[in-house]
1. Can you tally the net charge around GLY448? Count Lys and Arg as +1, Asp and Glu as -1, for every other residue whose Cβ sits under 9 Å from the Cβ of GLY448.
2. Percent relative contact order of segment 7-240, based on C-alpha pairs within less than 8 angstrom and at least six residues apart?
3. What is the sum of charges, Lys and Arg at +1 and Asp and Glu at -1, for the other residues whose Cβ falls under 11 Å from the Cβ of GLN147?
4. Which value at 222 nm does the chain reach when only helices count, each DSSP H run of 4 or more adding -39,500 (n - 2.57), with the total divided by all residues and rounded to the nearest 500 deg cm²/dmol?
5. Picking from PHE252, GLY272, TYR80, whose Cα lies most toward the positive end of the charge dipole for the chain (charges on Cβ: Lys, Arg +1; Asp, Glu -1)?
6. Under 8 Å for C-alpha pairs, at least 6 residues apart: give me the relative contact order for the chain, rounded to a whole percent.
7. Among VAL230, PRO263, PRO385, flag the residue with its Cα farthest along the positive direction of the charge dipole of the chain, charges on Cβ as +1 for Lys/Arg and -1 for Asp/Glu.
8. So how many Lys-Lys pairs in the chain land under 19 Å Cα to Cα, not counting same-chain pairs under 8 apart?
Amino acid sequence: MPTREYCGVVGVSLVGESAAPHLFRGLRALQHRGQESAGLATTAHGVLHHRKGMGLVHEIFSPEMIEALRGSQGIGHTRYSTMGTSDLENAQPIVFKLRDDDAALGHNGNLSNFERVRRRLEHQGIELLGSADSETIAQMIAMEFAQSRDLEAAIRRATAQLVGGFAVVLIVGSRVVAFRDPLGIRPLVLGDLPHGVAVASESVAIDLMGGRTRRAVEPGEILVLDRGRVASSTKMAGSGELAHCMFEWVYFSRPDSVAEDRPVYEVRHRIGKILAREAPVTADLVVPVPDSARPQALGFSEAAQIPYAEALIKNRFVERTFILPDQHRRELEVRVKLHPVPGLLNGRRIVLLDDSIVRGTTLKEIVRMVRDAGAQRVDVRIGCPPIRAPCYFGVDMKERRELVAFGRTEEEVAEVVGADSVHYLSIPGLVEALGIPERDLCLGCLTGKYPVDVPMEQRRHQKSLEEF
């Protein structure tokens, strides 16, 4: 499922060690969450040091730049532009003032009331330099902090006015502050390092910094990391509802991560088994669309007792490609990135496993590629229910008309992508695989019912738009 995802954040507080090398490794582990820009910010003796650039983490930061980022505490960010344009102006961390102190902030997610918050800030005479909603979060905190020197209280007051999904890391002085939206839409975990503590969007980042994950940051929790320890933990006001994004397990998180105490690989493997039960098929081979559908395909293969084959090989050395200007070039790009193993598909009935379908354009080209390689039949199985509505909380799928499942049956989707059949995982099947109650998940892109107020959209407990 080629969709552009939001961002990855990381923060560390250490004793006697430089933060920047740890942050660099953490961002490398989170590179799959954003490949347009990246940045680091550290502090030493009250002075903020920061660097950011366009491109991949290892392309931006040289050893000399890492060495110049002094200090034992810092934050990092890697970005895809789901809100705001893709340019250095909107790259993060964002540097701003907290009274007389320099601060920096990195944000994963989107605000559904961004325009209203922006207008309020402009009415207060605050000039916003970029077009990303992350800057509004920084300036809201700064505005509230101007009333007092209590940073945690300022964050609580600011976040009470924000609607949407957010996981944020902030650095000022010796403190790294991390907080998460009250519904837990966007992920954040806390871990221990040999010489301190860390937070990150995924557990794998803490692992690759040489640490161990302690737990998920609780929804609405505000953590202050200082001098290598958790100095305090407080909570925002909240309704008690939860809305974890199901896409973390379906697609976004690395399979070697643990999200909300549930190993991502195990969830995806269960999805494949449940999908085999819900949508059985007679076939010769189960073939995953690399990379994120491998666990689902293995689970399907085991449950259906159909042999598994890595019949599509991904070229790992193709340079990154942003939005291409025409359909023909997009189709060519798929064929550069993926190539069938010669002879393996010829004359075979294939079950093609993908993690999800958004627009369907890439899957259509993959199905064509499999047929061109001689497949006798191509049955598509999707490890996610149909995506029929936009996401407003950090995933780049904004309009219903772009979604291949919107207004179409499975048979009609199969016709669009050129498959003999298409079957999706059911919502009950997804809930079973996750082991999380449906009421605690954000399923807005599947159901069109959202966990927070979104203009012209339905809340998940509403029966209709006219109810309130």
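No lab work stands behind these numbers, since they all come straight from the coordinates. Keep in mind the model is a prediction, meaning the values are calculated, not measured. Neighbour counts run over all protein chains shown; Cβ positions are idealised from the backbone, glycine included.
1. Values: positive: ARG388, ARG400, LYS449; negative: GLU457.
After counting each charged neighbour, the total is +2.
2. Values: 628 pairs, mean separation 53.5, N = 234.
That works out to 23 percent.
3. Summing Lys and Arg as +1 and Asp and Glu as -1 gives +1.
4. Working: 14 runs with 128 residues, N = 468.
Mean residue ellipticity, 222 nm, calculated: -8000 deg cm²/dmol.
5. GLY272
6. Working: 1160 pairs, mean separation 63.2, N = 468.
Relative contact order of the chain: 14 percent.
7. PRO263
8. On the way: LYS52/LYS97; LYS314/LYS337; LYS314/LYS364; LYS337/LYS364; LYS398/LYS449; LYS449/LYS463.
Taking the Cα cut-off of 19 Å, the pair count is 6.
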